[in-house]
Amino acid sequence: MSVPLLAREQFWSCPNCSLEDRTTDARAQPFHRCGGLAGLTAPLVPAGTRCQVTAHEREDYIGTELVQLVDVDGRGRPISQIRTERDEGSDCVVLAPTARIRAE
C-alpha cells in the first residue's frame with residue numbers, strides 16, 4: 001500500500017506591485033525586488049492579507065556610513081527599514097549600513 005505525500009501550497013502577493021508567487025515549503029517567506037518600492041527588496045505576504053508595506057527613511061545623521069539610497073523622487077533618500085503593517089501586528093526588515101575596514 002502506498003501513501004501519497006501531500007504538499008501544502010502557499011500563495012503570496014505584494015500589495016505594492018502585481019507580483020504573485022507560490023511555494024510548497026511551509027518555512028518559506030519569500031522576498032522580491034519591488035517595483036512599487038523603487039526596487040527595494042521587500043517581503044511578499046500571504047495572498048489575501050490586508051496589509052501595507054512601506055519604506056521608511058532613515059532619520060539620523062549618515063556621516064561617512066555606506067547606506068542604501070533609493071531614488072523614489074529624484075532626491076536619493078537613505079532607507080532604514082521596510083515595514084509590513086497588518087491588523088494583528090507588524091514586521092520590520094532593517095537595512096543596516098555596510099561595514100567597512102581600513103587596513104594601514
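Laboratory data are not the source of any read-out in this text; all were calculated from the coordinates shown. Keep in mind that this is a model prediction, so the values were computed, not measured. Cβ atoms come from the backbone with ideal geometry, glycine included; neighbour counts cover every protein chain shown.
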Review point. Between residue 10 and residue 98, what FRET efficiency follows from the Cβ-Cβ distance if R0 is 25 Å, with the result rounded to 0.05?
Key: 0.15
Exercise for review: Between beta-carbons, use under 10 Å as the cut-off and find the net charge around residue 92, counting Lys and Arg +1, Asp and Glu -1.
Suggested key: -1
Review point. Which length gain, in nm to one decimal place, applies between residue 62 and residue 25 when the Cα-Cα distance is subtracted from 0.36 nm times their residue separation?
Key: 9.4 nm
Revision key, fill the gap. Taking a label point 7 Å from the Cα of residue 81 along Cα-to-Cβ, the residues of region 19-58 whose backbone nitrogen sits under 17 Å from it are 41-43, 52-58
Revision key, fill the gap. Phi angles of region 24-34, converted by Karplus (6.51 cos²θ - 1.76 cosθ + 1.60, θ = phi - 60°) into ³J(HN,Hα) in whole Hz with x for Gly and Pro, give 10, 8, 5, 8, 5, 9, x, 10, 8, 7, 7
Check your understanding: Kirkwood hydrodynamic radius for region 43-104: how many Å is it when counted over pairs of different Cα atoms?
Key -> 13.7 Å
Revision key, fill the gap. The chain, Kirkwood Rh and Cα Rg, ratio Rg/Rh at 1.12
Point to revise | 3J(HN,Hα) from dihedral phi, region 90-95, Karplus parametrisation 6.51/-1.76/1.60, rounded to Hz, x for glycine, proline | key: 9, 10, 9, 10, 9, 9
